[in-house]
Amino acid sequence: MSLNGAYSTKNPNLEQMTSDFLYHLAVNIPDTKNPTDIKNQFGHIKVVCLGGKDARMRELAKYIHENVYNGKSGSKYEKDIFEDGHRYAGFIVGSVLCVSHGVGSSTMSVVLHELIKLVRYAKCVDPLFIRIGTSGGLGVKPGTVVVSRKGYNGLLCSEYEIAILGERVSRPAYFDERLRKDLLDAATSPDGGEENAFSVIEGNTMGTDCFYEGQGRLDGASCMKANGEPYTKADKLNFLKRCHDECGIRNIEMEAPMFAALTLHCGIRAADVCVTLLNRLEGDQVNSTKAQLKDFEERPFRLVARFIKRHILSST
Ligand SMILES: O=P(O)(O)O[C@@H]1C[C@H](O)[C@@H](CO)O1
Ligand SMILES: O=c1cc[nH]c(=O)[nH]1
């Protein structure tokens, strides 16, 4: 399903707040009814790209400057605009904001809440949020880029569950269909031929709260089942095959259900675009060389940059 662009925060208390401080971004909004500075700085943003590492987001800003704006973005894209918060890094390049989110849903949800408020204060029009990440693949060649349909949690449910006021709250976790299709379209040349030297596929994405046991790895500090017995390679492969066959999961990372759920809840169109670093049916250790990792991490950049050129900048 695709959203209509009418996004909103889901918090009536914000209407009563005359000022706001986005603590982790160190962004001050002294007058929420008339946030002129915020509008001037961020009002033109059309795409917010998110990814785990500060350095990757800095690289992405540079890549977009060079490849989307042909070196003429006119932006100080190397300046970390959130550096005073000492938590996340942010870089503006043209109408794109690139922000790091750390590892996992808890660190990403903090920056996501603050960014959703930020785009709303800035009155950005139909901003798109795209996560540009890495993941472990399931039955796909390392280096494949997966554009997610739905996020699944580690219990194989497509939902994000959070404890709020001592109660379990569960929210659906699917990504925007139109945005996914536009991203997949950007993987092909106008005549329908494959432009990429790598595969771009759609699939479901499992996002877990743990890189090791949560993803069925055998190489964590612990490797135990619910009954306290160690799990075996066969147990792991059984689970990963269930993920693949029963749920259509093609990659595993640590943010998809939360990211899908919070953006959907607030009416923000979002996508998860992750490269797979390894095939988890073949192993657990991420031991790509530095050069391979650079090549792999750049693949989602290439897709998203082409999407921005084709679907965002061409319509302005
Ligand atoms: O965006 P990144 O590459 O950081 O995303 C994945 C999922 C976790 O955050 C992390 C685990 O290594 O990488
Ligand atoms: O296997 C992997 C690789 C990257 N990120 C993950 O969360 N899992």
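Summary table below
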quantity	calculated
Test set (1) within 23 Å of VAL48 (Cα to Cα); (2) modelled with pLDDT under 95; (3) among the charged types (D, E, K, R) - GLU177 fails condition number	(2)
Selected residue [hydrophobic (A, V, I, L, M, F, W, C), within 16 Å of ligand 2 (Cβ to nearest atom) and within 17 Å of the chain's Cα centre (by Cα)] from VAL103, VAL99, VAL119, VAL110	VAL103
Residues of region 224-253 classified as of a type outside the set (Asp, Glu) and either surrounded by fewer than 17 Cβ atoms within 10 Å (Cβ to Cβ) or not assigned by the TED database to the domain that holds ASP272 (or both), total	15
Selection count, region 239-270, where residues are within 16 Å of ligand 1 (Cβ to nearest atom) and aliphatic (A, V, I, L, M)	8
Breaking point among (1) buried (at least 23 other Cβ atoms within 10 Å of the Cβ); (2) closer than 18 Å to ALA271 by Cα; (3) out of contact with any strand residue (DSSP E or B) (no Cβ under 7 Å at 6 or more places or on another chain), for LEU97	(3)
From the options ARG149, ARG87, ARG171, ARG180, residue that is surrounded by 14 or more Cβ atoms within 10 Å (Cβ to Cβ) and within 25 Å of GLU213 (Cβ to Cβ)	ARG171
Identity of the residue in region 1-43, outside any strand (DSSP E or B) and aromatic (Phe, Trp, Tyr), that ends up surrounded by the most Cβ atoms within 10 Å (Cβ to Cβ)	PHE42
In region 136-154, the residues that are part of a strand (DSSP E or B) and in contact with a Gly (Cβ under 9 Å, 6 or more places away or on another chain)	GLY137, VAL146, VAL147, SER148, ARG149, LYS150, GLY151, TYR152
Residue match in region 71-81 (condition: more than 19 Å from LEU3 (Cβ to Cβ), among the small types (Gly, Ala, Ser) and touching a residue at least 40 places away in the same chain (Cβ under 8 Å))	no
Test: LYS117 is touching a residue at least 24 places away in the same chain (Cβ under 8 Å), closer than 13 Å to LEU22 by Cα and away from ligand 1 (no atom under 16 Å from the Cβ)	yes
Filter result for THR107 (within 12 Å of ligand 1 (Cβ to nearest atom) and not in a strand (DSSP E or B))	yes
Filter result for the condition that a residue is more than 23 Å from PRO257 (Cβ to Cβ), of a type outside the set (Asp, Glu), in contact (Cβ under 8 Å) with a residue 12 or more places away in the chain and in contact with a helix residue (DSSP H, G or I) (Cβ under 9 Å, 6 or more places away or on another chain), over PRO30, PRO35, PRO127	PRO35
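Residue-by-condition table, conditions (1) away from ligand 2 (no atom under 16 Å from the Cβ); (2) surrounded by fewer than 23 Cβ atoms within 10 Å (Cβ to Cβ); (3) not in a strand (DSSP E or B):
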{"site": "VAL273", "(1), (2), (3)": "no, no, no"}
{"site": "THR276", "(1), (2), (3)": "no, no, no"}
{"site": "ASP284", "(1), (2), (3)": "no, yes, yes"}
{"site": "ASN287", "(1), (2), (3)": "no, yes, yes"}
{"site": "LEU293", "(1), (2), (3)": "no, yes, yes"}
{"site": "PHE296", "(1), (2), (3)": "no, yes, yes"}
{"site": "ALA305", "(1), (2), (3)": "yes, yes, yes"}
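The values are calculated or read from the model by the stated rules, or taken from the named source; none is laboratory data. Quantities reported herein were computed from a predicted structural model and do not represent experimental measurements. Because the Cβ atoms are built from the backbone with ideal geometry, glycine has one as well, and the counts that use them run over all protein chains shown.
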